[in-house]
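Here's the structure we're looking at; comments come further down.
The values are calculated or read from the model by the stated rules, or taken from the named source; none is laboratory data. The model shown is predicted, which means the values in this text are computed figures rather than measured ones. Quick reminder, even Gly has a Cβ in these numbers, built from the backbone with ideal geometry, and neighbours come from all protein chains shown. Calculation scope for accessible area: heavy atoms of the full protein, side chains included, ligands and nucleic acids excluded. Shrake-Rupley method; radii C 1.70, N 1.55, O 1.52, S 1.80 Å.
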Amino acid sequence: MTVVVDRGTEGPSTHALVIGVGMYRHLRGGEEPRDQDLGLGQLTSPPISAMAFADWLVTEHQHPEAPLSSLEMLLSPAQSYSVPGGTSESVDPATMDRVKRAFDAWFRRCSTNERNIAIFYFCGHGMKKTNLFLLLEDFGANKRRLFENSIEFERVHRGMTTQCQARVQCFFADSCRQVSYELLDLVDPSAGSLLDEREGSFYPEDAPLFYATAPNDQAYGLSNEPTVYTQAILRALRGAGSRRTQAGWAVTTGHLQEGIRTSMERLGRQVHVPPQRPLTGGQLSGGSVLSVLKEEPVVPVTIALRPPEAARRAELSLALAADPTVRIERRRERGDWELELRAGDYDGQAHFPKGDYRDGHWRVKPYPPQLYEPWEV
C-alpha cells in the first residue's frame, strides 16, 4: 500500500507524498544491472531518511488550520513502516508505475481545498542536465529510454503550481545534482511524466523548491542513517526554521531555508563531510506557516571564548533565567562550546579555578536559526 496515514480530516489539511529510493534494480549491485548505470549503485540512507521525515509528519507536525490528513509513502526496497502510535504498514516499492498511482491520489487530495498544504519529499539518486531528474527503483530498465523511470523535479513543480488548488506547496529533493556524460549526450532527455504541463493562471501563495545541494554537486548520505540534508530539514522543522508568531513559534516557508542552511553547516562539521550547499528555488513569498511548534524551538548555540586559549582553563555554565535549577555545564576543554538550547534567557558564566583569567557573566538569548556568542575574558 502507499497510504500509510489517512485521518480523513474534513476542511483544510496537509497532504504529503514521501519517496525514498535506496535499491536500484538496474544499477551497480542491483538484481538486473545494465551497462548504462551512470556509475551509480545502491544506497542505504534514502529509505531511512524518508521514514524519519514521515515520522516527523505523523508525530510532530502541527497546524491549527491544516492538520496532517494523509501520508502516501513509497520505499525501495519495499518494506514495512511502523506508524508512530499506530500499526505497521507494508509500503509499496518506488517504481514508476507505483509512483504515478500514488502521485495521482496525492494530487486529488491536495486539490480538494485551496487552503490545503501539499508536501513532496524525495530522497535517492538524482542527475541534472537543465532540470533535475530523480531516479526511481526501475531507472535504466530500457537503454533506449534511459530516463523514462525518473521524475523531472522542476516539471512536477510547474505542473502542480498551475493545476493543483493547494495554496501552499513545498517540494524537497534530497539528491545529488551532478551531470553525467551520458546525460549530456542526450539532446532532450525525457522523464516519465507525472502530470501534463498546462498554461494556467493559478499560482500558489508559496511553492518553494528545496534542493540538497548546488548544481553539479554531491549530496552526502551516512551509512544506515538519515542523510545530512534530511537531518538538517528535520532540525529546521523542529525550530531552526521558525519565528515567533501570534500562534506561537511557527516554521514558515521563508525561514525554513535559513534553518536548513545553518543546520547543515553545523552537521557537516560534526560528521566530517565536505561542505554541501543547499539551495532553494520556485515561488516564495515566505509568510506561509508549515507547522506550529508544541514548545519553544531548539536553537544551535556556539559559545566561543576570546582569547581561544582560555577555553581549556574555563569551567562554563548556562542556567535558565526563569528556573536556575535548569543548568548545563562544560568542564575545561579545548575549542568552542557547541550545544543546543531551547529559546529563552540564560545566565552564562565562565569560571577559572586557577585564576588564569577573571570570571565573566553574560546573558545569553538563543533565537533561531542559530546563535554565535563570543565571550571576551
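Computed extension length for Lys100-Asp196: 33.3 nm, one decimal, from 0.36 nm per residue of separation with the Cα-Cα distance subtracted. In order along region 41-54, the phi-based Karplus estimate (6.51 cos²θ - 1.76 cosθ + 1.60, θ = phi - 60°) of 3J(HN,Hα) comes to x, 7, 10, 9, 6, x, x, 5, 5, 4, 5, 5, 5, 5 Hz; Gly and Pro are listed as x. Here's the picture: charge each Lys and Arg Cβ at +1 and each Asp and Glu Cβ at -1 in the chain, and of Met160, Ser69, Ser291 the one pushed furthest to the positive end of that dipole is Ser291.
Close amide-amide hydrogen proximity is noted between Ala94 and Leu75, Ser76, Glu137, each under 5 Å apart and 5 or more residues distant or on a separate chain (H modeled in the peptide plane; Pro and chain starts excluded). Given a 1.4 angstrom probe, I'd like the percentage of the accessible area of the chain that is carbon and sulfur, rounded to a whole number. Using a 1.4 Å probe with all protein chains present, the chain comes out at 45 percent carbon and sulfur.
Inter-label distance, Asp347 to Asp185: 7.1 nm, where each label sits 7 Å from its Cα along the C-beta direction. In whole angstrom, region 111-150 maps to an equivalent ellipsoid with semi-axes of 28, 12, 10, each derived as √(5λ) from the alpha carbon gyration tensor and ordered largest first.
Loop-located GluC sites (Glu not before Pro) in region 4-89 (DSSP state other than H, G, I, E, B) with a sparse environment of at most 13 neighbouring Cβ atoms within 10 Å: Glu10, Glu31, Glu65.
For region 34-173, the Kirkwood hydrodynamic radius from C-alpha pairs, put into Stokes-Einstein at 10 °C and a viscosity of 1.306 mPa s, yields a diffusion coefficient of 98 µm² per second.
Among the listed values (1) 5, 20, 23, 21, 18, 10, 3, 0; (2) 5, 22, 30, 22, 12, 7, 2, 0; (3) 5, 20, 22, 18, 15, 11, 6, 2, 0, the one matching P(r) over Cα pairs in 10 Å bins from 0, in percent as calculated from this structure is (2).
In this simple spin-label model, placing a label point 7 Å from the Cα along the Cα-to-Cβ direction at both Ala321 and Gln36 gives a separation of 6.3 nm. In the context of the full set of protein chains, region 232-332 has a per residue accessible area of 46 Å² (1.4 Å probe).
Which GluC sites (Glu not before Pro) does region 235-307 hold that lie in a coil by DSSP with at most 14 other beta carbons within 10 Å? The qualifying sites are Glu295.
Residues whose amide H lies under 5 Å from that of Leu132, counting only those 5 or more places away or on a different chain, are Phe153, Glu154; hydrogens are built 1.01 Å from N in the peptide plane. Between His272 and Lys294, the modelled labels are 3.6 nm apart [label points 7 Å from Cα along Cα→Cβ]. Across region 120-230, Cα-Cα pairs farther apart than 20 Å form 44% of the total. Calculate how steeply helix 253-271 sits against the longest principal axis of the alpha-carbon atoms of the chain, using the helix alpha-carbon long axis, and give the answer as 0 to 90 degrees to the nearest 10. Roughly 70 degrees, rounded to the nearest 10.
Only lysine pairs 8 or more places apart, or on different chains, with alpha-carbon atoms under 29 angstrom apart are counted in the chain, and they number 7. Rolling a 1.4 Å probe over the heavy atoms of the protein chains gives region 1-62 an accessible area of 40 Å² per residue. Amide H contacts under 5 Å for Val5: Leu71, restricted to partners 5 or more places along the chain or on a different chain, H placed in the peptide plane at 1.01 Å from N. Charges were assigned to the Cβ only: +1 to each Lys and Arg, -1 to each Asp and Glu. The resulting dipole of the chain about its Cα centre is roughly 660 debye.
Accessible area per residue for region 77-145 is 42 Å², calculated with a 1.4 Å probe on protein heavy atoms, without ligands, DNA or RNA.
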